[in-house]
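What follows is a single structure, written as C-alpha coordinates, with notes after it.
The values are calculated or read from the model by the stated rules, or taken from the named source; none is laboratory data. Because the structure is predicted, anything quoted here is derived from the model rather than measured. Counting neighbours? That spans all protein chains shown, and the Cβs are built from the backbone with ideal geometry, glycine included. Note: areas computed on protein heavy atoms with side chains; ligands, DNA, RNA excluded. Shrake-Rupley method; radii C 1.70, N 1.55, O 1.52, S 1.80 Å.
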Amino acid sequence: MDGYLLACRMKVLIIGAGFGGIAAAVELKRHGIRDLTVLEKAPDFGGTWFHNTYPGCACDVPSHLYSFSYAQRRDWSRLCSPQSEIFDYVHRVARELGVDRMIETGCAVTACSWDDAACRWTVTTEGGEVHESDAIVIATGQLHKPAVPRIEGGETFEGHSFHSSHWDHDYDLTGKRVAVVGTGASAVQFVPEIAEQVRKLTVFQRTGNWFLPRKNRPYPPSFKALVERVPGVQAFRRRFMFEYCESLTLAIRHPGTFGRLLHLKSAAFMRSQLRDPELRRKVWPDYTFGCKRVLFSSYFLPALARPNVELVTDSIQRVTPTGIVTSDGRLHEVDCLIWGTGFKATEFMFPMEITGAEGRDLRHAWAGGAHAHLGIAVPGFPSMFIMYGPNTNTSGGSIILYHEAQASYIRQALQQVQRRGGGAIDVRAEVEAASDREVQSRFVGTAWTRCDSWYRDAEGRIVANWPGYMREYVERTRELDPAEYHFVQQPAPVVA
Ligand code: NAP
(Lines give C-alpha, C1' and ligand atoms only; values in the text may rest on other atoms or scores of the structure.)
Protein backbone atom coordinates (compact mmCIF):
# COMPACT_ATOMS: atom_id res chain seq x y z
CA MET A 1 0.00 0.00 0.00
CA ASP A 2 2.84 2.34 0.85
CA GLY A 3 4.05 2.58 -2.72
CA TYR A 4 0.56 3.14 -4.11
CA LEU A 5 0.46 6.54 -5.71
CA LEU A 6 -2.47 8.81 -5.05
CA ALA A 7 -4.12 10.05 -8.21
CA CYS A 8 -3.10 13.51 -9.23
CA ARG A 9 -6.74 14.51 -9.66
CA MET A 10 -7.47 14.42 -5.95
CA LYS A 11 -7.44 17.89 -4.42
CA VAL A 12 -6.60 18.32 -0.78
CA LEU A 13 -6.69 21.46 1.32
CA ILE A 14 -4.65 21.65 4.48
CA ILE A 15 -5.57 24.34 6.97
CA GLY A 16 -2.64 25.57 9.02
CA ALA A 17 1.06 25.58 8.15
CA GLY A 18 2.74 24.77 11.44
CA PHE A 19 4.57 21.52 12.00
CA GLY A 20 1.31 19.59 11.59
CA GLY A 21 0.34 21.15 8.25
CA ILE A 22 3.88 20.76 6.91
CA ALA A 23 3.98 17.10 8.01
CA ALA A 24 0.70 16.42 6.18
CA ALA A 25 1.81 18.29 3.06
CA VAL A 26 5.13 16.42 2.89
CA GLU A 27 3.45 13.03 3.26
CA LEU A 28 0.72 13.66 0.69
CA LYS A 29 3.07 15.25 -1.83
CA ARG A 30 5.46 12.33 -1.51
CA HIS A 31 2.63 9.98 -2.34
CA GLY A 32 1.55 11.68 -5.50
CA ILE A 33 -0.94 14.36 -4.52
CA ARG A 34 -0.03 17.38 -6.55
CA ASP A 35 -3.16 19.45 -6.10
CA LEU A 36 -2.36 20.41 -2.58
CA THR A 37 -2.83 23.81 -0.98
CA VAL A 38 -1.96 24.80 2.55
CA LEU A 39 -3.92 27.80 3.82
CA GLU A 40 -2.23 29.67 6.64
CA LYS A 41 -3.78 32.53 8.57
CA ALA A 42 -0.51 34.16 9.63
CA PRO A 43 1.76 36.18 7.35
CA ASP A 44 4.38 33.43 7.49
CA PHE A 45 4.38 29.71 8.20
CA GLY A 46 5.83 27.85 11.17
CA GLY A 47 2.83 27.99 13.53
CA THR A 48 3.90 28.08 17.17
CA TRP A 49 7.44 28.84 16.13
CA PHE A 50 6.34 31.83 14.08
CA HIS A 51 4.09 33.33 16.76
CA ASN A 52 6.07 32.69 19.93
CA THR A 53 9.16 34.87 19.99
CA TYR A 54 9.30 35.78 23.69
CA PRO A 55 12.75 36.07 25.27
CA GLY A 56 14.13 32.63 26.02
CA CYS A 57 11.56 30.90 23.81
CA ALA A 58 12.76 27.38 23.14
CA CYS A 59 11.33 23.93 22.79
CA ASP A 60 11.37 21.97 26.03
CA VAL A 61 11.59 18.72 24.06
CA PRO A 62 15.13 17.87 22.89
CA SER A 63 15.63 18.72 19.22
CA HIS A 64 16.97 15.31 18.24
CA LEU A 65 13.47 14.11 19.02
CA TYR A 66 11.53 17.29 18.25
CA SER A 67 12.30 16.99 14.53
CA PHE A 68 11.04 14.98 11.57
CA SER A 69 12.43 11.44 11.30
CA TYR A 70 13.10 12.12 7.60
CA ALA A 71 14.80 15.47 8.15
CA GLN A 72 17.31 14.81 10.89
CA ARG A 73 19.91 17.45 11.66
CA ARG A 74 23.22 16.89 13.30
CA ASP A 75 24.06 20.51 14.01
CA TRP A 76 21.58 21.50 16.69
CA SER A 77 23.19 24.14 18.86
CA ARG A 78 21.94 22.76 22.17
CA LEU A 79 19.70 20.12 23.70
CA CYS A 80 16.52 22.16 23.36
CA SER A 81 16.77 24.53 20.44
CA PRO A 82 15.72 28.14 20.66
CA GLN A 83 12.72 29.40 18.68
CA SER A 84 14.75 30.89 15.82
CA GLU A 85 16.55 27.60 15.19
CA ILE A 86 13.29 25.63 15.09
CA PHE A 87 11.66 28.27 12.90
CA ASP A 88 14.61 28.04 10.47
CA TYR A 89 14.42 24.25 10.60
CA VAL A 90 10.74 24.03 9.66
CA HIS A 91 11.30 26.55 6.86
CA ARG A 92 14.25 24.60 5.55
CA VAL A 93 12.35 21.31 5.61
CA ALA A 94 9.40 22.88 3.76
CA ARG A 95 11.74 24.41 1.19
CA GLU A 96 13.86 21.32 0.64
CA LEU A 97 10.83 19.04 0.32
CA GLY A 98 9.04 21.45 -1.98
CA VAL A 99 5.97 22.18 0.10
CA ASP A 100 6.74 25.83 0.82
CA ARG A 101 5.37 26.85 -2.57
CA MET A 102 2.06 25.15 -1.75
CA ILE A 103 1.46 27.46 1.22
CA GLU A 104 -0.78 30.49 0.90
CA THR A 105 -0.23 32.79 3.85
CA GLY A 106 -2.62 35.45 5.11
CA CYS A 107 -5.63 33.14 4.44
CA ALA A 108 -7.78 32.80 7.53
CA VAL A 109 -10.31 30.02 7.01
CA THR A 110 -13.70 30.79 8.49
CA ALA A 111 -15.80 27.85 7.30
CA CYS A 112 -15.55 24.34 5.85
CA SER A 113 -18.69 22.79 4.51
CA TRP A 114 -19.31 19.32 3.07
CA ASP A 115 -21.54 19.15 0.01
CA ASP A 116 -23.32 15.77 0.01
CA ALA A 117 -24.35 16.03 -3.62
CA ALA A 118 -20.96 17.01 -4.97
CA CYS A 119 -19.07 14.86 -2.45
CA ARG A 120 -16.64 17.71 -1.87
CA TRP A 121 -15.62 20.26 0.71
CA THR A 122 -16.05 24.01 0.25
CA VAL A 123 -13.64 26.10 2.28
CA THR A 124 -14.21 29.82 2.75
CA THR A 125 -11.67 32.37 3.94
CA GLU A 126 -12.07 35.64 5.78
CA GLY A 127 -11.16 37.45 2.58
CA GLY A 128 -14.10 35.82 0.79
CA GLU A 129 -12.07 33.31 -1.23
CA VAL A 130 -13.79 30.00 -1.86
CA HIS A 131 -11.81 26.77 -2.36
CA GLU A 132 -13.14 23.34 -3.18
CA SER A 133 -11.47 20.05 -2.41
CA ASP A 134 -11.98 16.31 -2.13
CA ALA A 135 -10.55 16.24 1.39
CA ILE A 136 -9.54 18.66 4.11
CA VAL A 137 -6.87 18.34 6.75
CA ILE A 138 -7.36 20.65 9.70
CA ALA A 139 -3.94 21.33 11.17
CA THR A 140 -4.64 24.36 13.32
CA GLY A 141 -3.17 22.78 16.45
CA GLN A 142 -4.18 23.10 20.07
CA LEU A 143 -2.04 25.99 21.26
CA HIS A 144 -2.64 28.92 18.97
CA LYS A 145 -5.42 31.03 20.47
CA PRO A 146 -4.06 33.07 23.37
CA ALA A 147 -6.11 32.88 26.55
CA VAL A 148 -6.32 36.18 28.38
CA PRO A 149 -8.47 35.79 31.48
CA ARG A 150 -11.43 38.08 31.94
CA ILE A 151 -10.61 39.90 35.15
CA GLU A 152 -12.66 42.74 36.55
CA GLY A 153 -11.21 46.04 35.41
CA GLY A 154 -8.95 44.39 32.80
CA GLU A 155 -9.83 46.97 30.16
CA THR A 156 -9.07 49.89 32.49
CA PHE A 157 -5.34 49.18 32.75
CA GLU A 158 -3.47 52.24 31.48
CA GLY A 159 -0.03 50.69 31.20
CA HIS A 160 1.23 48.45 28.44
CA SER A 161 0.12 44.84 28.13
CA PHE A 162 0.54 41.86 25.82
CA HIS A 163 0.29 38.07 25.76
CA SER A 164 3.46 35.96 25.75
CA SER A 165 2.65 34.59 22.28
CA HIS A 166 2.45 38.13 20.87
CA TRP A 167 5.53 39.54 22.51
CA ASP A 168 5.94 43.26 21.93
CA HIS A 169 9.61 43.56 21.04
CA ASP A 170 9.20 47.32 20.47
CA TYR A 171 8.37 47.84 24.13
CA ASP A 172 11.53 48.23 26.16
CA LEU A 173 11.16 46.55 29.55
CA THR A 174 14.38 48.06 30.87
CA GLY A 175 13.83 49.73 34.21
CA LYS A 176 10.08 49.06 34.18
CA ARG A 177 7.81 47.58 36.85
CA VAL A 178 6.43 44.47 35.20
CA ALA A 179 3.75 41.97 36.18
CA VAL A 180 3.68 38.46 34.76
CA VAL A 181 0.46 36.53 35.24
CA GLY A 182 0.96 32.78 34.96
CA THR A 183 3.80 30.39 35.67
CA GLY A 184 3.41 27.79 32.91
CA ALA A 185 5.91 26.52 30.34
CA SER A 186 6.12 29.90 28.56
CA ALA A 187 6.52 32.12 31.65
CA VAL A 188 9.13 29.76 33.04
CA GLN A 189 11.23 30.44 29.97
CA PHE A 190 10.86 34.22 29.75
CA VAL A 191 10.82 35.19 33.44
CA PRO A 192 14.56 34.47 33.99
CA GLU A 193 15.35 36.42 30.80
CA ILE A 194 13.49 39.59 31.72
CA ALA A 195 14.17 39.47 35.46
CA GLU A 196 17.62 40.93 34.93
CA GLN A 197 16.33 43.74 32.76
CA VAL A 198 13.33 45.09 34.64
CA ARG A 199 13.32 47.23 37.75
CA LYS A 200 10.70 45.18 39.55
CA LEU A 201 9.08 41.94 38.46
CA THR A 202 5.93 40.67 40.12
CA VAL A 203 5.04 37.11 39.19
CA PHE A 204 1.47 36.05 39.89
CA GLN A 205 1.20 32.32 40.44
CA ARG A 206 -2.14 30.58 40.73
CA THR A 207 -0.79 27.04 41.05
CA GLY A 208 2.74 25.84 41.69
CA ASN A 209 4.57 23.49 39.34
CA TRP A 210 6.84 20.49 39.52
CA PHE A 211 10.28 21.20 38.09
CA LEU A 212 13.11 19.10 36.75
CA PRO A 213 16.56 20.49 35.98
CA ARG A 214 17.56 21.80 32.58
CA LYS A 215 20.44 24.18 31.93
CA ASN A 216 20.28 23.90 28.16
CA ARG A 217 23.71 25.39 27.57
CA PRO A 218 25.12 25.42 24.02
CA TYR A 219 26.82 22.13 23.16
CA PRO A 220 30.60 22.31 23.43
CA PRO A 221 32.38 22.05 20.03
CA SER A 222 33.76 18.59 20.88
CA PHE A 223 30.26 17.23 21.49
CA LYS A 224 28.94 18.82 18.31
CA ALA A 225 31.79 17.23 16.37
CA LEU A 226 30.97 13.85 17.90
CA VAL A 227 27.33 14.06 16.84
CA GLU A 228 28.19 15.39 13.40
CA ARG A 229 31.01 13.02 12.54
CA VAL A 230 30.48 9.74 14.34
CA PRO A 231 27.86 7.60 12.65
CA GLY A 232 25.09 6.44 14.90
CA VAL A 233 25.56 8.98 17.68
CA GLN A 234 22.66 11.10 16.57
CA ALA A 235 20.38 8.10 16.07
CA PHE A 236 21.36 6.87 19.52
CA ARG A 237 20.53 10.27 21.06
CA ARG A 238 17.13 10.30 19.36
CA ARG A 239 16.41 6.81 20.65
CA PHE A 240 17.61 7.71 24.12
CA MET A 241 15.41 10.80 24.25
CA PHE A 242 12.46 8.81 23.00
CA GLU A 243 12.86 6.36 25.87
CA TYR A 244 13.46 9.18 28.36
CA CYS A 245 10.21 10.84 27.29
CA GLU A 246 8.38 7.52 27.52
CA SER A 247 9.62 7.22 31.10
CA LEU A 248 7.92 10.53 31.90
CA THR A 249 4.67 9.07 30.60
CA LEU A 250 5.33 5.94 32.68
CA ALA A 251 5.55 8.18 35.76
CA ILE A 252 2.32 9.96 34.84
CA ARG A 253 0.49 6.71 34.16
CA HIS A 254 1.66 5.18 37.45
CA PRO A 255 1.67 8.00 40.00
CA GLY A 256 1.87 5.65 42.99
CA THR A 257 5.03 3.86 41.86
CA PHE A 258 7.18 5.23 39.01
CA GLY A 259 5.62 8.65 39.53
CA ARG A 260 6.85 8.66 43.10
CA LEU A 261 10.43 8.26 41.93
CA LEU A 262 10.27 11.27 39.64
CA HIS A 263 8.36 13.15 42.32
CA LEU A 264 11.28 12.55 44.69
CA LYS A 265 13.78 13.65 42.06
CA SER A 266 11.79 16.81 41.36
CA ALA A 267 11.32 17.58 45.07
CA ALA A 268 15.05 17.19 45.75
CA PHE A 269 15.90 19.47 42.85
CA MET A 270 13.37 22.08 43.91
CA ARG A 271 14.62 22.01 47.51
CA SER A 272 18.16 22.57 46.29
CA GLN A 273 17.00 25.58 44.28
CA LEU A 274 14.69 27.09 46.87
CA ARG A 275 16.75 27.95 49.94
CA ASP A 276 14.28 30.47 51.35
CA PRO A 277 11.59 28.48 53.23
CA GLU A 278 8.93 31.11 52.61
CA LEU A 279 9.53 31.11 48.86
CA ARG A 280 9.64 27.31 48.90
CA ARG A 281 6.29 27.18 50.64
CA LYS A 282 4.75 29.53 48.10
CA VAL A 283 6.11 27.71 45.06
CA TRP A 284 5.41 24.16 46.21
CA PRO A 285 2.72 22.41 44.14
CA ASP A 286 -0.18 20.78 45.94
CA TYR A 287 -1.06 18.17 43.32
CA THR A 288 0.32 14.89 42.02
CA PHE A 289 3.55 15.00 40.04
CA GLY A 290 2.80 14.97 36.30
CA CYS A 291 -0.81 16.11 36.47
CA LYS A 292 0.10 19.39 34.79
CA ARG A 293 3.03 19.67 32.43
CA VAL A 294 6.30 19.14 34.33
CA LEU A 295 8.56 22.14 33.75
CA PHE A 296 12.21 21.76 32.85
CA SER A 297 14.24 24.74 34.01
CA SER A 298 17.24 25.34 36.21
CA TYR A 299 16.76 29.10 35.98
CA PHE A 300 13.16 29.92 36.88
CA LEU A 301 13.25 29.19 40.61
CA PRO A 302 16.54 31.07 41.18
CA ALA A 303 15.02 34.02 39.26
CA LEU A 304 12.16 34.13 41.79
CA ALA A 305 14.73 34.56 44.56
CA ARG A 306 16.22 37.71 43.00
CA PRO A 307 15.82 40.87 45.10
CA ASN A 308 13.86 42.63 42.34
CA VAL A 309 11.43 39.74 41.89
CA GLU A 310 8.37 39.03 43.99
CA LEU A 311 6.21 35.93 43.75
CA VAL A 312 2.60 36.66 44.61
CA THR A 313 0.29 33.76 45.35
CA ASP A 314 -2.69 35.72 46.63
CA SER A 315 -5.39 35.48 43.99
CA ILE A 316 -5.96 38.31 41.56
CA GLN A 317 -9.13 40.21 42.38
CA ARG A 318 -9.15 42.98 39.82
CA VAL A 319 -7.07 45.12 37.53
CA THR A 320 -6.96 48.88 38.03
CA PRO A 321 -5.55 51.61 35.75
CA THR A 322 -2.20 51.27 37.54
CA GLY A 323 -1.89 47.61 38.44
CA ILE A 324 -3.32 44.48 39.98
CA VAL A 325 -5.22 44.14 43.26
CA THR A 326 -4.91 40.80 45.05
CA SER A 327 -7.19 39.14 47.60
CA ASP A 328 -5.18 40.59 50.51
CA GLY A 329 -6.25 44.04 49.30
CA ARG A 330 -2.79 44.99 48.08
CA LEU A 331 -2.35 47.02 44.89
CA HIS A 332 0.69 45.93 42.88
CA GLU A 333 1.50 48.94 40.71
CA VAL A 334 3.11 48.11 37.37
CA ASP A 335 3.98 49.74 34.06
CA CYS A 336 3.52 46.60 32.00
CA LEU A 337 1.39 43.50 32.33
CA ILE A 338 2.43 40.32 30.52
CA TRP A 339 -0.13 37.55 30.22
CA GLY A 340 1.63 34.19 30.43
CA THR A 341 -1.77 32.59 30.72
CA GLY A 342 -1.57 30.01 27.97
CA PHE A 343 -3.99 29.07 25.22
CA LYS A 344 -7.59 28.08 24.61
CA ALA A 345 -6.43 24.55 23.89
CA THR A 346 -9.78 22.82 24.07
CA GLU A 347 -11.34 25.03 21.38
CA PHE A 348 -9.27 23.31 18.69
CA MET A 349 -10.22 24.85 15.28
CA PHE A 350 -13.21 26.87 16.50
CA PRO A 351 -14.61 29.49 15.85
CA MET A 352 -14.27 28.01 12.35
CA GLU A 353 -17.68 26.75 11.18
CA ILE A 354 -17.41 23.07 10.26
CA THR A 355 -20.44 21.52 8.58
CA GLY A 356 -20.36 17.83 7.67
CA ALA A 357 -22.71 15.39 5.96
CA GLU A 358 -26.44 16.22 6.10
CA GLY A 359 -25.65 19.60 7.61
CA ARG A 360 -24.04 18.29 10.82
CA ASP A 361 -22.34 20.98 12.87
CA LEU A 362 -19.04 19.94 14.46
CA ARG A 363 -19.80 22.15 17.47
CA HIS A 364 -22.93 20.15 18.02
CA ALA A 365 -21.09 16.83 17.52
CA TRP A 366 -18.58 17.95 20.13
CA ALA A 367 -21.07 19.49 22.53
CA GLY A 368 -20.10 16.94 25.19
CA GLY A 369 -16.38 17.45 24.59
CA ALA A 370 -14.16 17.00 21.54
CA HIS A 371 -13.49 13.44 20.39
CA ALA A 372 -12.24 11.81 17.22
CA HIS A 373 -11.03 8.35 16.22
CA LEU A 374 -7.30 8.41 16.97
CA GLY A 375 -7.74 12.18 17.22
CA ILE A 376 -8.06 12.24 13.43
CA ALA A 377 -11.52 11.25 12.14
CA VAL A 378 -15.02 12.33 13.23
CA PRO A 379 -18.12 10.37 12.11
CA GLY A 380 -20.32 12.30 9.72
CA PHE A 381 -17.45 14.46 8.47
CA PRO A 382 -16.29 12.54 5.40
CA SER A 383 -12.69 12.97 4.29
CA MET A 384 -12.08 15.52 7.04
CA PHE A 385 -8.94 14.78 9.02
CA ILE A 386 -7.47 16.50 12.03
CA MET A 387 -3.79 16.79 12.83
CA TYR A 388 -3.04 17.17 16.56
CA GLY A 389 -6.73 16.67 17.21
CA PRO A 390 -8.53 15.64 20.42
CA ASN A 391 -6.53 13.42 22.78
CA THR A 392 -3.29 13.53 20.82
CA ASN A 393 -1.27 15.95 22.93
CA THR A 394 1.66 14.54 24.83
CA SER A 395 2.85 15.54 28.27
CA GLY A 396 6.13 13.78 27.88
CA GLY A 397 7.05 13.39 24.25
CA SER A 398 7.49 14.97 20.86
CA ILE A 399 4.35 16.05 19.08
CA ILE A 400 6.23 15.67 15.79
CA LEU A 401 6.17 11.90 16.14
CA TYR A 402 2.39 12.12 16.45
CA HIS A 403 2.27 14.43 13.41
CA GLU A 404 4.17 11.95 11.28
CA ALA A 405 1.91 9.10 12.42
CA GLN A 406 -1.21 11.16 11.67
CA ALA A 407 0.06 12.26 8.25
CA SER A 408 0.76 8.65 7.29
CA TYR A 409 -2.67 7.54 8.51
CA ILE A 410 -4.42 10.31 6.54
CA ARG A 411 -2.46 9.37 3.44
CA GLN A 412 -3.63 5.76 3.85
CA ALA A 413 -7.23 6.96 4.18
CA LEU A 414 -6.96 8.84 0.91
CA GLN A 415 -5.35 5.83 -0.75
CA GLN A 416 -8.37 3.78 0.30
CA VAL A 417 -10.65 6.35 -1.32
CA GLN A 418 -8.55 6.28 -4.43
CA ARG A 419 -8.63 2.50 -4.66
CA ARG A 420 -12.40 2.73 -4.73
CA GLY A 421 -12.31 5.19 -7.60
CA GLY A 422 -13.04 8.33 -5.61
CA GLY A 423 -15.68 9.49 -3.16
CA ALA A 424 -14.89 9.94 0.51
CA ILE A 425 -14.09 8.04 3.69
CA ASP A 426 -16.08 8.35 6.90
CA VAL A 427 -15.27 6.66 10.20
CA ARG A 428 -18.01 4.40 11.55
CA ALA A 429 -19.76 6.04 14.49
CA GLU A 430 -19.56 2.91 16.65
CA VAL A 431 -15.82 2.59 16.00
CA GLU A 432 -15.20 6.18 17.00
CA ALA A 433 -17.42 5.88 20.07
CA ALA A 434 -15.59 2.73 21.20
CA SER A 435 -12.16 4.27 20.72
CA ASP A 436 -13.27 7.37 22.63
CA ARG A 437 -14.51 5.23 25.52
CA GLU A 438 -11.21 3.40 25.55
CA VAL A 439 -9.18 6.62 25.52
CA GLN A 440 -11.19 8.07 28.41
CA SER A 441 -11.03 4.86 30.43
CA ARG A 442 -7.26 4.81 30.14
CA PHE A 443 -6.99 8.03 32.14
CA VAL A 444 -8.39 6.33 35.21
CA GLY A 445 -5.75 6.06 37.91
CA THR A 446 -3.26 8.30 36.11
CA ALA A 447 -1.80 11.56 37.40
CA TRP A 448 -3.67 13.50 34.69
CA THR A 449 -6.95 13.05 36.60
CA ARG A 450 -5.59 14.47 39.85
CA CYS A 451 -5.83 18.20 39.24
CA ASP A 452 -7.32 20.76 36.92
CA SER A 453 -5.29 21.61 33.82
CA TRP A 454 -5.56 22.93 30.30
CA TYR A 455 -5.89 19.32 29.14
CA ARG A 456 -9.52 19.37 30.33
CA ASP A 457 -12.54 21.12 28.89
CA ALA A 458 -15.04 23.13 30.91
CA GLU A 459 -16.81 19.93 31.98
CA GLY A 460 -13.58 18.39 33.22
CA ARG A 461 -13.20 15.83 30.42
CA ILE A 462 -9.57 15.39 29.32
CA VAL A 463 -9.70 16.26 25.63
CA ALA A 464 -6.15 17.37 24.89
CA ASN A 465 -3.94 14.43 25.86
CA TRP A 466 -3.29 10.96 24.58
CA PRO A 467 -3.51 8.68 27.62
CA GLY A 468 -0.58 6.47 26.70
CA TYR A 469 2.88 6.26 25.25
CA MET A 470 4.17 7.63 21.98
CA ARG A 471 4.93 4.12 20.78
CA GLU A 472 1.30 3.09 21.34
CA TYR A 473 -0.02 5.95 19.28
CA VAL A 474 2.42 5.22 16.48
CA GLU A 475 1.43 1.55 16.60
CA ARG A 476 -2.31 2.29 16.60
CA THR A 477 -2.05 4.56 13.57
CA ARG A 478 0.47 2.48 11.61
CA GLU A 479 -2.11 0.76 9.46
CA LEU A 480 -5.57 2.05 8.71
CA ASP A 481 -8.20 -0.65 8.94
CA PRO A 482 -10.75 -0.05 6.16
CA ALA A 483 -13.34 -2.05 8.14
CA GLU A 484 -13.47 0.84 10.62
CA TYR A 485 -14.76 3.14 7.89
CA HIS A 486 -17.50 3.34 5.37
CA PHE A 487 -16.96 4.79 1.98
CA VAL A 488 -19.08 7.48 0.40
CA GLN A 489 -19.57 6.93 -3.31
CA GLN A 490 -18.94 9.75 -5.69
CA PRO A 491 -22.24 10.72 -7.36
CA ALA A 492 -22.50 9.61 -10.98
CA PRO A 493 -21.94 12.45 -13.45
CA VAL A 494 -25.18 13.90 -14.75
CA VAL A 495 -25.59 13.05 -18.43
CA ALA A 496 -27.39 15.77 -20.38
P1 NAP B 1 0.04 27.22 30.45
O2 NAP B 1 0.97 26.11 30.65
O3 NAP B 1 -1.40 26.93 30.21
O4 NAP B 1 0.22 28.19 31.69
C5 NAP B 1 -0.68 29.24 31.91
C6 NAP B 1 -0.39 29.81 33.27
O7 NAP B 1 -1.29 30.88 33.47
C8 NAP B 1 -0.60 28.83 34.40
O9 NAP B 1 0.35 29.07 35.37
C10 NAP B 1 -2.00 29.17 34.87
O11 NAP B 1 -2.24 28.83 36.19
C12 NAP B 1 -1.98 30.66 34.69
N13 NAP B 1 -3.30 31.24 34.58
C14 NAP B 1 -4.22 30.99 33.64
N15 NAP B 1 -5.32 31.72 33.88
C16 NAP B 1 -5.08 32.42 35.00
C17 NAP B 1 -5.84 33.34 35.77
N18 NAP B 1 -7.09 33.65 35.43
N19 NAP B 1 -5.28 33.88 36.87
C20 NAP B 1 -4.03 33.52 37.22
N21 NAP B 1 -3.26 32.68 36.56
C22 NAP B 1 -3.79 32.13 35.46
O23 NAP B 1 0.47 28.17 29.23
P24 NAP B 1 1.90 28.34 28.58
O25 NAP B 1 2.92 28.56 29.61
O26 NAP B 1 1.79 29.35 27.49
O27 NAP B 1 2.15 26.94 27.96
C28 NAP B 1 1.12 26.30 27.24
C29 NAP B 1 1.62 25.02 26.66
O30 NAP B 1 2.39 25.36 25.54
C31 NAP B 1 2.55 24.22 27.55
O32 NAP B 1 1.94 23.42 28.48
C33 NAP B 1 3.29 23.45 26.53
O34 NAP B 1 2.59 22.32 26.09
C35 NAP B 1 3.39 24.45 25.41
N36 NAP B 1 4.68 25.11 25.50
C37 NAP B 1 5.70 24.36 25.12
C38 NAP B 1 6.92 24.88 25.17
C39 NAP B 1 8.00 24.01 24.70
O40 NAP B 1 9.11 24.35 24.91
N41 NAP B 1 7.73 22.87 24.04
C42 NAP B 1 7.17 26.15 25.63
C43 NAP B 1 6.09 26.91 26.01
C44 NAP B 1 4.84 26.38 25.93
P45 NAP B 1 -2.83 27.40 36.60
O46 NAP B 1 -1.68 26.44 36.53
O47 NAP B 1 -3.36 27.59 37.94
O48 NAP B 1 -3.88 27.07 35.58
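Here are the numbers for the structure shown:
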{"quantity": "Charge dipole of region 1-91 about the Cα centre (unit charges at C-beta), most positive-ward option of ALA25, ILE86, ALA71", "calculated": "ALA25"}
{"quantity": "The chain: antiparallel DSSP beta bridges as a percent of all, rounded to 5", "calculated": "40 percent"}
{"quantity": "Where region 302-352 is the region considered: accessible area per residue in Å², 1.4 Å probe", "calculated": "41 Å²"}
{"quantity": "Cα gyration tensor shape for region 1-157, rounded if a/c is under 1.5, else prolate or oblate", "calculated": "oblate"}
{"quantity": "Inverse of mean 1/r across different Cα pairs in region 216-288, Kirkwood, Å", "calculated": "15.2 Å"}
{"quantity": "Cβ crowding within 10 Å averaged over residues, with 473-483, 366-376 ranked highest first", "calculated": "366-376, 473-483"}
{"quantity": "Pair THR257, THR124: separation of 7 Å Cα→Cβ label points (nm)", "calculated": "5.5 nm"}
{"quantity": "Extension gain, HIS169 back to ASP44 (0.36 nm per residue minus Cα-Cα distance, nm)", "calculated": "43.2 nm"}
{"quantity": "Calculated [θ] (222 nm, deg cm²/dmol) that DSSP helices of n ≥ 4 give over the chain, each run adding -39,500 (n - 2.57)", "calculated": "-9000 deg cm²/dmol"}
{"quantity": "Sequence-separation-based contact order of region 135-211, relative, with Cα cut under 8 Å and 6+ spacing, percent", "calculated": "28 percent"}
{"quantity": "For region 259-372: rounded, prolate or oblate by the Cα gyration tensor [a/c cutoff 1.5]", "calculated": "oblate"}
{"quantity": "Only Lys, Arg (+1) and Asp, Glu (-1) charged, at Cβ; the chain dipole about Cα centre in debye", "calculated": "1940 debye"}
{"quantity": "Cut-off 10 Å between beta-carbons: net charge of the residues surrounding VAL227, Lys and Arg +1, Asp and Glu -1", "calculated": "+3"}
{"quantity": "FRET E, pair ASP115, ALA367, Förster distance 25 Å, beta-carbon r, rounded to 0.05", "calculated": "0.60"}
{"quantity": "Mean-position separation - Cα centroids, region 302-330 and region 173-225, in angstrom", "calculated": "17 Å"}
{"quantity": "Region 28-59 residues near the modelled SER77 label - backbone nitrogen below 13 Å, point 7 Å along Cα→Cβ", "calculated": "56-59"}
{"quantity": "Gain upon complete extension [ARG9, VAL233; 0.36 nm per residue less C-alpha separation]", "calculated": "76.4 nm"}
{"quantity": "Proximal lysine pairs, the chain, alpha carbons under 24 Å, eight or more residues apart or interchain", "calculated": "17"}
{"quantity": "Local net charge near ASP452, Cβ-Cβ under 14 Å (Lys/Arg +1, Asp/Glu -1)", "calculated": "+3"}
{"quantity": "Cα long-axis angle, helix 19-30 against the chain (0 to 90 degrees, to the nearest 10)", "calculated": "30 degrees"}
{"quantity": "Fraction of accessible area attributable to carbon and sulfur, the chain (%, probe 1.4 Å)", "calculated": "51 percent"}
{"quantity": "Förster-model FRET efficiency, 51 Å R0, ALA434 and SER327, C-beta, rounded to 0.05", "calculated": "0.65"}
{"quantity": "For region 94-164 versus region 443-467, the gap between their alpha-carbon centres in whole angstrom", "calculated": "26 Å"}
{"quantity": "Region 341-475, relative contact order in percent, only Cα pairs under 8 angstrom and at least six apart counted", "calculated": "31 percent"}
{"quantity": "Sequence ranges 423-429, 171-177, 59-65, ranked by mean other-Cβ count within 10 angstrom, highest first", "calculated": "59-65, 423-429, 171-177"}
{"quantity": "Per residue value of the accessible surface for region 1-100 (all protein chains in place, 1.4 Å probe), Å²", "calculated": "35 Å²"}
